[in-house]
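The values are calculated or read from the model by the stated rules, or taken from the named source; none is laboratory data. Computed from a prediction, not measured in an experiment: that's the story for all the values here. A quick note on method: Cβ atoms are made from the backbone with ideal geometry, for glycine too, and the neighbour counts reach across all protein chains shown.
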RNA sequence: GCUCCGGUAGCUCAAGGGGUUAGAGCAUGUGCCUUAUAAGCGCAAGGUUGUGGGUUCGAUGCCCACUCGGAGUACCA
């Protein structure tokens, strides 16, 4: 039985598409799950993407990393259910639909109709689902999209209701009136983790210094600083730090200002004439009353006086802080403490209310300049300028957020803060620093989860409330049916349908209706371990089996997103982690190190990469380029390098093997034992192979994709450019002996094992190789992805052998170097090469590898440099590691002393294993042989090359015999070129006719046997009238012609 | 402001629990092998390891400060 012939030119796209077709036709993915059903369960969660935008290169990154470890686990025999999922709710979807429909705000949505709007959202959430499916499929990410969970389905929503009910039974849900970041365009508050998505640096805001005249001190004002002029109409007090020193400063116009002493010099520049007329502690100011700049809104109780607050600093501003209770978290806290009024001067659209007469209905940020003008006019402005700072914007619509007091629903995650932290300690994060760093810090600063959103397309908050504010959470559809005394099983659990459901309060009989909010979309994704199974209403066995996850993976931006929502929900609900291992990927940057983003237009379209270089190469680049957690620069060309350096090298090795194995009708035979019958080089590559299996396995066990791929690159290079290159003759020689069998068996084992090691990372080419190499009639059954992961045999790993071969490679490389410097091409045979390798020089290494070295370097004889009979220049190199550690500060002296020794005398002692003695100051010190390295530098009569204490020297004298042999090799080369350009098959026999001049003619005659053997020629004839182009070898003329025999 | 990650050859990246001469690939120059591969194989050139201090016999690695890039974070009023 023969292998399918392999073309040495690889058509990557075609190959990958055929493998894809094979997977599909034979349901290989499905089989990879089913065939392992009895195995250990390994749980993977798909972090659901939203399909309302096109997938980009960064999605290929996360999907590649999501794929590699589950594929590996399957080959280890684990059952890995890989269910896909789609995130469908939330602001991102709503905003896209608003754009499509040309709606600009909530009023327009409501007049358009919530039910129609939500129907559009439902559709939009899947707008690009085909693009996602296509890309997922094409890059070989195995995830089951047919059974994917969808967050908008009733079952999914019902599970979330159940979760919220559980949380409310633990009294974790409450309604709070807090200052929250609020998007005036979207008309809703954002949660902390959404807030962190939208900070923008260098935001310019006004910076104003405003005078608040004191009631009881004429001509004296408190000077306050703010960057939000629009909050001034809401002012209810000012805060000072009781411990800070304040001063009264009299200006030229005889008015006085009170500011923190520490800030005087920054506030009053040199040309401003001023004098300090008084000094006091902050405490002395407390209680003083002032005239507020505005008093549009009437209120009851006391306000507009100085209060004391520790958080006031003197790093910026004036040290006197204006408080608007409704527009700052501190302000709200202080107001509550001192019972100050809360003046709601702004409505839910971010516009001033009608009481704020001059700017009524104006968006507050637009009113800023008008307020500034007004303050100037009233002579209350000390100065105003621009201020650059980092400010939060809505992560979806880019509107600057306002901090505003809103009534919203919260989950008291802070109740579980210490447990969140504890459980996080048990999670393996890759990279490790995220655990205590980015994620750990986040948990340390945990605040309650603001759950409600005043929006439309989301999981409705299942809270029903009556006019007294008494509320309850409905935890299932059945419960809703019971409460309403009707069948709700057909009800769409979205707005506006659930909004219509009312029922009497079971306790009082008062009518309860649903609160208007939907919930934070991040809660949807974090609920996915539970809701994807409609737990606990069904599938409780599957849920138990599939919780928690062994492995999840997303980019770092999910730290506060999905990673947090998963962790928070499962901690609160089950007192458990939701995932045990998590790979946290760095961002993809463009060629210039900038974050890829649509707005910058620097996105690399994944299809450009796939179409040009294929999915395998794309994936391989992502695994090998840099550690997963690091951000990475990316461009299409970088993936091209993978193809050139790795894919094609592997493919050529594979094509070589198949070509010759078929010529020899070789097929794998399990009786043949390479260990017994293999040569040194076979044992070496087998040793490297087993070492490779060990390294790759260890790396995959530790979620180290880089470690699981880079070593394969190195191995394939060794296999192709060392093992195959040096073993070629063994494959094409005519005798079918055990040496040839060993070569085939060895190369076969290497290629088959590589196909398995590559299966998780390069699933296409791995299967292409495997399916051909396995030689099975019923190939539909066989896929590398259904095969078992290879074991390594520790006994076959011979580190000593590996190091020897590494040394031999270095020596050969030095030999090439020496040839280069003497300008002697490899085709010209030389009589001898000698080597020096320091302490190794005495081993019988050279003898054992003489054949290999002489072939590579085309020399007749190989030996070590002999210190006894040749004039060698020795140098002594003290080894700092040994000597430095042993002698510490004496080391520099010792080093100098060693350099003054006679190198010949000292070297012969050291090489003979004797100590040498040096004198440093008054100390005699014996230096051991392994504390000095003896090096050889060069010698006359040799062409030499030296590196790192290794030396290669070539004897460059040419005899007539050597010259003749060189010419014969040149002739063979010409013939081989002609064979190739004539399109002869590698096994074709030929006859050669030629005409040559002078010594070349003699050389051809003398080496005719060698030439015929090399060129597979049956005849080699000197003919007067040869047809063909005249060529030159050196100074000699040549005409040569070939015929197929 | 604070925290984290990074700064190594023109480019993309390694390594280093302090120690001889800091490694690959790409690009450049140059040469060459070939009955697998010119999408190949060598060789050369290319580095004061961001800057400045400190610890040390010895720092690219450890410590401090600074700087640049990126990310995160904050009650910046």
Can residue A:700 be described as modelled with pLDDT of 90 or more, away from RNA strand B (no atom under 14 Å from the Cβ), closer than 17 Å to residue A:791 by Cβ and surrounded by fewer than 20 Cβ atoms within 10 Å (Cβ to Cβ)?
no
Scan of the stretch A:213-254 for residues that are part of a strand (DSSP E or B), within 16 Å of RNA strand B (Cβ to nearest atom) and surrounded by fewer than 16 Cβ atoms within 10 Å (Cβ to Cβ), ordered by number
A:245
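Which residue, of A:816, A:785, is at pLDDT below 85 and part of a helix (DSSP H, G or I)? Please lay out each step first, then the result.
Values: A:785 fails: at pLDDT below 85.
Result: A:816 is the single residue among A:816, A:785 that is at pLDDT below 85 and part of a helix (DSSP H, G or I).
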For the list (1) surrounded by 19 or more Cβ atoms within 10 Å (Cβ to Cβ); (2) within 30 Å of residue A:1021 (Cβ to Cβ); (3) within 9 Å of RNA strand B (Cβ to nearest atom), I need the number of the one condition that residue A:973 fails.
(1)
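Would it be correct to say that residue A:656 is under 30 Å from residue A:2 (Cβ atoms) and in a helix (DSSP H, G or I)?
yes
Do we find a residue being assigned to a helix (DSSP H, G or I) and more than 9 Å from RNA strand B (Cβ to nearest atom) anywhere in the stretch A:295-317?
Taking the stretch A:295-317 and keeping what is assigned to a helix (DSSP H, G or I), we get none.
Within the stretch A:295-317, not a single residue is assigned to a helix (DSSP H, G or I) and more than 9 Å from RNA strand B (Cβ to nearest atom).
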Set A:524, A:499, A:544: member being in contact with a strand residue (DSSP E or B) (Cβ under 7 Å, 6 or more places away or on another chain) and in a helix (DSSP H, G or I):
A:499
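Are there strands (runs of 3 or more DSSP E) fully within the stretch A:368-482 with at least 2 residues that are under 30 Å from residue A:497 (Cβ atoms) and away from RNA strand B (no atom under 16 Å from the Cβ)? List them. Explain how you work it out, then say what you get.
Numbers: elements: A:381-392, A:402-411, A:428-430, A:463-465, A:471-473.
So the answer is A:402-411, A:463-465, A:471-473.
Give, as residue ranges, the helices (runs of 4 or more DSSP H) completely inside the stretch A:723-776 that count at least 1 residues that are more than 16 Å from RNA strand B (Cβ to nearest atom).
A:738-758, A:763-773
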Per the list (1) within 28 Å of residue A:728 (Cα to Cα); (2) more than 12 Å from RNA strand B (Cβ to nearest atom); (3) within 59 Å of the chain's Cα centre (by Cα), residue check on residue A:1005 breaks on (3)
Would you check if residue A:207 is within 10 Å of RNA strand B (Cβ to nearest atom) and surrounded by fewer than 20 Cβ atoms within 10 Å (Cβ to Cβ)?
yes
If the requirement is being under 31 Å from the mean Cα position of the chain (by Cα) and either in a helix (DSSP H, G or I) or crowded, with 19+ Cβ neighbours inside 10 Å (or both), which of these qualifies: A:131, A:127, A:110, A:146?
A:131
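Condition check: part of a loop (DSSP other than H, G, I, E, B), at pLDDT 85 or above and surrounded by 22 or more Cβ atoms within 10 Å (Cβ to Cβ). Does residue A:152 satisfy that? Walk me through how you get there before you give the answer.
On the way: part of a loop (DSSP other than H, G, I, E, B): yes; at pLDDT 85 or above: yes; surrounded by 22 or more Cβ atoms within 10 Å (Cβ to Cβ): yes.
Spelling it out, residue A:152 is indeed part of a loop (DSSP other than H, G, I, E, B), at pLDDT 85 or above and surrounded by 22 or more Cβ atoms within 10 Å (Cβ to Cβ).
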Go through the stretch A:567-582 residue by residue and tally those that are within 16 Å of RNA strand B (Cβ to nearest atom) and closer than 15 Å to residue A:443 by Cα.
2
Looking at the stretch A:182-225 only, could you name the residues that are in contact with a helix residue (DSSP H, G or I) (Cβ under 7 Å, 6 or more places away or on another chain) and at pLDDT 85 or above?
A:206, A:208, A:210
Take residue A:27 and decide whether it is closer than 19 Å to residue A:764 by Cβ, at pLDDT below 95 and more than 21 Å from the chain's Cα centre (by Cα).
yes
Report whether or not residue A:391 is under 39 Å from the mean Cα position of the chain (by Cα), buried (at least 18 other Cβ atoms within 10 Å of the Cβ) and closer than 21 Å to residue A:326 by Cβ.
no
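Identify, from the list A:537, A:543, A:523, A:547, the residue that is surrounded by fewer than 15 Cβ atoms within 10 Å (Cβ to Cβ), more than 16 Å from RNA strand B (Cβ to nearest atom) and either within 26 Å of the chain's Cα centre (by Cα) or modelled with pLDDT of 95 or more (or both).
Details: A:543 fails: surrounded by fewer than 15 Cβ atoms within 10 Å (Cβ to Cβ); A:523 fails: surrounded by fewer than 15 Cβ atoms within 10 Å (Cβ to Cβ); A:547 fails: surrounded by fewer than 15 Cβ atoms within 10 Å (Cβ to Cβ).
The conditions single out A:537.
Does residue A:803 meet the test of being within 30 Å of residue A:953 (Cα to Cα) and not in a helix (DSSP H, G or I)? Before you say what the answer is, go through the steps one by one.
Values: within 30 Å of residue A:953 (Cα to Cα): yes; not in a helix (DSSP H, G or I): no.
When the stated conditions are applied, residue A:803 does not pass them.
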